[in-house]
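Participant: If you scroll down you'll find the structure; I have some questions about it.
FYI, it's all coordinate maths here, none of it is from the lab. Source: prediction; values computed, not measured. Positions of Cβ are backbone-derived with ideal geometry, glycine not excepted, and every protein chain shown enters the neighbour counts.
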Amino acid sequence: MKRMKTIKHGHSNTQLYQMYAHMKARVFNKKNNRYHLYEKRSTCICKPWLKSFMNFYNDVIEKYTYAVELYGKHRLTLERIDNNGDYLNSNCTFIPTGMQSANKINNHRITYRGSTMILSHWARKINIPPSALEARLRRGWTIERALTKPLQKRRKKCQI
C-alpha cells in the first residue's frame with residue numbers, strides 16, 4: 001500500500017513559510033552563514049512560533065497581507081523592528097529587501113541637522129553616488145561639507 005504524504009498546513013511552498021523556515025535556520029542552525037550574528041545577540045523566537053508554523057501564520061498574516069498590498073509579493077522579508085530584539089509579533093514586520101538592507105548593523109549612519117539616515121540614503125537625497133559621499137568622509141570632510149558641496153563636473157579628456 002502506498003503511503004500518503006502528510007500535509008500539516010498546506011503552506012510549505014509559500015513565501016511566508018519560507019520566511020518562517022529561514023528565521024528558524026538563522027537562529028538555530030549552526031551551519032547557516034548568518035547564525036553567528038543571531039547567536040551573538042542571543043536572538044530568540046517566541047514559544048508559540050517555535051511550536052508551530054500555524055501560530056506564526058495566524059499572528060502575522062494581516063501584516064503580511066498588508067505588506068503584499070503595499071509593496072507587492074516579490075522580495076519581501078521578515079524584519080525585526082528592533083534588530084537587537086527577539087522574533088515576536090510585536091517586533092516583526094514585512095518590508096522589501098531594499099528597505100531591510102538599510103537596517104543592517106554595519107551601515108554608516110549619518111546625522112545632519114537633526115535627521116539620521118544611512119549613507120546611501122543621504123547620497124540619494126543629495127544626488128551624488130554613495131561612493132563619492134563615502135570618499136569625502138574618508139578624506140576627513142565634515143558631514144556638513146560632505147552633504148552640501150556639489151559634485152564638481154569633470155573636464156573631458158582631450159582626444160587627439
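Participant: Expressed as a rounded percentage, what relative contact order does region 109-148 have, with Cα pairs under 8 Å and six or more residues apart?
Facilitator: Relative contact order of region 109-148: 33 percent.
Participant: Any idea what the dipole of region 109-148 comes to, in debye rounded to 20, about its Cα centre with Lys/Arg Cβ at +1 and Asp/Glu Cβ at -1? Numbers along the way, then the final one.
Facilitator: Values: 8 positive and 2 negative charges, 3 e Å.
So the dipole magnitude of region 109-148 works out to roughly 20 debye.
Participant: Give the residues of region 22-45 whose amide nitrogen is closer than 19 Å to a point set 7 Å from the Cα of N84 in the direction of its Cβ.
Facilitator: Within reach of a label on N84, which here means backbone N under 19 Å from a point 7 Å along Cα→Cβ, region 22-45 contributes 36-45.
Participant: Looking only at the chain, where both bridge partners belong to it, what percent of the DSSP beta bridges are antiparallel (to the nearest 5)?
Facilitator: Values: 9 of 10 bridges.
Here the antiparallel bridges make up roughly 90 percent for the chain.
Participant: Return D59, D82 ranked ascending by Cβ neighbour count within 10 Å, so the fewest neighbours appear first.
Facilitator: On the way: D59 17, D82 10.
Neighbour counts put them in this order, fewest first: D82, D59.
Participant: In nm, what is the difference between 0.36 nm times the number of residues separating K30 and S12 and their Cα-Cα distance?
Facilitator: Working: separation 18, 0.36 × 18 = 6.48 nm, distance 2.26 nm.
Here the answer is 4.2 nm.
Participant: Report, in listed order, any pair from K8/K73; K24/K63; K30/K51; K40/K63; K8/K40 with a Cα-Cα distance greater than 26 Å. Walk me through the intermediate numbers first.
Facilitator: On the way: K8/K73 24 Å; K24/K63 19 Å; K30/K51 20 Å; K40/K63 28 Å; K8/K40 33 Å.
Violating the 26 Å Cα-Cα cut-off are K40/K63; K8/K40.
Participant: Quick one: which residues, 5 or more positions from I95 or on another chain, have an amide H under 5 Å from its amide H? H modelled 1.01 Å from N in the peptide plane, none for Pro or chain starts.
Facilitator: Distant-sequence amide H within range of I95: T77, E79.
Participant: Using alpha carbons only, how many angstrom separate the centre of region 128-155 from the centre of region 32-101?
Facilitator: 36 Å
Participant: Let me spell out the model: positive unit charges on the Cβ of Lys and Arg, negative unit charges on the Cβ of Asp and Glu, origin at the Cα centre of region 15-97. What dipole size does that give, in debye rounded to 20?
Facilitator: On the way: 13 positive and 7 negative charges, 94 e Å.
Computed about the Cα centre, the dipole is about 440 debye.
Participant: Dipole size in debye (nearest 20) for the chain around its Cα centre, Lys and Arg Cβ +1, Asp and Glu Cβ -1? Let's see the in-between values first.
Facilitator: On the way: 32 positive and 9 negative charges, 207 e Å.
The dipole of the chain has a size of about 1000 debye.
Participant: Let me ask you something else. Using Cα pairs under 8 angstrom and six or more residues apart, how large is the relative contact order of region 35-125, in percent? Write out the running numbers ahead of the final one.
Facilitator: Details: 79 pairs, mean separation 20.2, N = 91.
Relative contact order of region 35-125: 22 percent.
Participant: Here's another thing I want to ask about it. Give the share of C-alpha pairs in each 5 angstrom bin for region 63-153, from 0 to the last occupied bin, in whole percents, shortest bins first.
Facilitator: Here the calculated profile for region 63-153 is 2, 12, 19, 18, 14, 13, 10, 8, 3, 0.
Participant: Shifting gears a bit: Over region 109-148, what portion of Cα pair distances is larger than 15 Å, expressed as a whole percent? Spell out each step's value before the answer.
Facilitator: Values: 213 of 780 pairs.
Across region 109-148, Cα pairs with separations above 15 Å total 27 percent.
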